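See structure below.
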Amino acid sequence: MGKFARSWALMKASANILRQDKELMLFPLLAGLASLVVIATFAWPVFTLVSHHQAEFEGQRQHVSPMFMLVSFLFYFVQYTVVIFFNVALASAALIRLDGGNPTLGDGIRTAMGKLPNILGYALIAATVGMILRALQERLGFIGRLVVGLIGFGWTVATFLVVPVLAAQDVGPVDAVKRSAGALKQTWGENLIGNAGIGVAGGILTFCLVFVSGILFFAAASTQSVALMVAVGVIAVVGLVALSLFQTAMHGVYSAALYRYTQEGDPGQGFDRALLESAFRQKN
């Protein structure tokens, strides 16, 4: 219960910052829209290659055409670039708020544009690691997949602070990964309680929203009003999207606060230093 209470407090601190700067939620919104454009761009060539691959190599599942691998890798790379770009923009804006400033959407975008070469470099690394881990999981048995999953989790933990590092420092992608891992070593605790709390709280709120929407939809269906059913459906979808944006932005704010804490010993305006220390205890 103590861990959950700290997680809930961390989430509330992130939410309070988002209430001060609602425009921070525009970054994950733009990332989502850009990702849809990327998916739409790659949809036809990927579909064509998959169809060709299935027809040409049926019964030889271990063989994958080089062109298919190339297009898949390009998709990974572009998708990672888009997501990382807007995450860096979000982190830079959050850092401005944590320093007591009043960030704008333009502030974050300008910072991310200035870090574009480093973002591309890290996207290349992330896409390569992602492709390798996925390829291994598809070829290994259950135990092998479990091991690869643990390796993937370790990579996620090690690179947790890469985005705020890229946002705050003028370093290359390799150095950003090293500094992220080094920063977490300084503040490693029982678990990543802040993000776990945000994730659990977000999951609970999502379940509640879906549950209530389901009840309202069946109630609307009982009236046989198509307009009412559509209205309930639209409201539910908008609510889920808004909740997703809010949760994503909270993760970004929290990672920025944790990074600031590792660098300055203070998470910044709106966060309780003692709260972070209880979640990420210093190693002896």
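The values are calculated or read from the model by the stated rules, or taken from the named source; none is laboratory data. This structure is a prediction, so every number in the text was calculated from the model and none was measured. In this analysis, Cβ positions are derived from the backbone assuming ideal geometry, glycine residues included, and neighbour counts consider all displayed protein chains. SASA here: full protein model, heavy atoms, side chains in, ligands and nucleic acids out. Shrake-Rupley method; radii C 1.70, N 1.55, O 1.52, S 1.80 Å.
Miscellaneous remarks
- For the range 201-273: accessible area per residue (Å², 1.4 Å): 54 Å²
- Per atom type, the range 70-228 shows carbon and sulfur on 72% of its accessible surface, probed at 1.4 Å.
- Cβ-defined net charge surrounding Asp99, 11 Å radius [Lys, Arg +1; Asp, Glu -1]: 0
- Accessible area (Å², per residue) of the range 78-129, counting only protein heavy atoms and a probe of 1.4 Å: 37 Å²
- J(HN,Hα) series, the range 246-261, from Karplus relation 6.51 cos²θ - 1.76 cosθ + 1.60, nearest Hz, glycine and proline x: 5, 5, 4, 5, 5, 4, x, 5, 5, 5, 5, 5, 5, 4, 4, 5
- If you plug the beta carbon distance of Thr156 and Arg273 into 1/(1 + (r/R0)^6) with R0 = 22 Å, you get a FRET efficiency near 0.30.
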